[in-house]
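Working notes for the structure below.
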Amino acid sequence: MKDLAAPNPEAVTKGLDNLAKHLENINKFGMKSIVAINRFPTDTEEELQIVKDFVHQSGFDASIVEYFTKGGEGGIELAEKVVEMVDKDACQYRGLYDWDSPVEDKIFTIASEIYGAQKVDYSAEAKADLKKINKYGFDKLPICIAKTQKSLSDNPELIGRPKDFLVTVREIVIASGAGFLIPITGEIMRMPGLPKKPVPALSTWNTTATSPDCSNPDSALI
């Protein structure tokens, strides 16, 4: 990490495999995209141009954004390109799988087509969840896989563009209210659910500098 500030065009080029997979995935859905290249103060023009050229060669457009240093003005070009794309109606969305397909088939389609996995394995708990899903008629719901954000696989150590790996589903959560199934893979921490009543709705407001009683969210003072 200490070398991030040093120019390294070779490392940028090496990381393009990961970007290539994301662009490939966008195409699978019949969609187009503008790649926003976030300029850091230590980025060189050569490094930025490497990414931009690769994106263009892949059939996509790109825009260098500078929100951090320029605020909204740093993203005007990106916004204009997005509006232009929308006006051209360039996207023709198509789904990746049939919702009526078996749950295992839908999960494998995502794992193989989007992540690059060769096989999907299920823990005993996940297999029990599949039986429950089929028994109670939730098998037609779409899939939303929960996994690490650090890799295309479910293993955060597999960086870049790993191929032919195994994805392990350890449990499958039924989100019947939201309307999808959540296969949970690897060792990850999920975000906590939100309360039925937002905390601000239970809060009282005033203009004094009194500190809130954080131990009791129902009487929070903001």
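Bear in mind these aren't lab numbers, they're just calculated from the coordinates by the rules spelled out. Note that the structure is a prediction, hence the values are computed from the model and not measured. Note that each Cβ is placed from the backbone with ideal geometry, even for glycine, and that neighbours are counted across all protein chains shown.
For this structure, a couple of remarks:
- Reach of K196 by Cα under 29 Å, taken over lysines that are not fewer than 8 positions away in the same chain: K132, K135, K140, K147
- Pairwise label distance in nanometres, M191 with A178, each label 7 Å out on the Cα-Cβ vector: 0.8
- P(r) for region 46-141, from all Cα pairs and a bin width of 10 Å, is 12, 24, 23, 19, 20, 2 %, short bins first.
- ³J(HN,Hα), Karplus 6.51/-1.76/1.60, whole Hz, each residue of region 172-178, x for Gly, Pro: 10, 8, 8, 9, 5, x, 6
- Amide N of region 69-103 lying under 18 Å from the label point, which is placed 7 angstrom from the Cα of N38 along Cα→Cβ: 69-79
- Size descriptors for the chain (Cα atoms only): Rg and Dmax, in that order, 22.3, 60 Å.
- Under 5 Å from the amide H of N38 lie the amide H atoms of V65, each residue being 5 or more positions distant or on a separate chain, with H modelled from the backbone and absent for Pro and chain starts.
- Kirkwood-based shape ratio for region 64-108, expressed as Rg/Rh from alpha carbons: 1.33
- Total formal charge among the other residues, if their Cβ is under 12 angstrom from that of G160, Lys/Arg +1 and Asp/Glu -1: +3
- With helices as the sole contributors, the chain gives -9000 deg cm²/dmol at 222 nm; each DSSP H run of n ≥ 4 counts as -39500 (n - 2.57), and the sum is divided by every residue.
- Kirkwood-Stokes translational diffusion coefficient of region 9-88, alpha-carbon pairs, 4 °C, 1.567 mPa s, µm²/s: 97
- Of the peptides 109-117, 72-80, the ranking by mean beta-carbon count within 10 Å, highest at the top, reads 109-117, 72-80.
- The ratio of the alpha-carbon radius of gyration of region 96-167 to the globular-protein estimate 2.2 N^0.38 Å is 1.15.
- Hz values of 3J(HN,Hα) by residue in region 92-102 - Karplus curve (6.51, -1.76, 1.60), Gly and Pro given as x: 10, 5, 9, x, 7, 8, 7, 4, 7, 5, x
- For the chain: relative contact order, % (alpha-carbon pairs under 8 angstrom, 6 or more apart): 14
- The calculated FRET efficiency for H56 paired with D100, based on their beta-carbon distance and R0 = 41 Å, is about 0.60.
- For F180, residues with placed amide H under 5 Å, excluding near neighbours: A175
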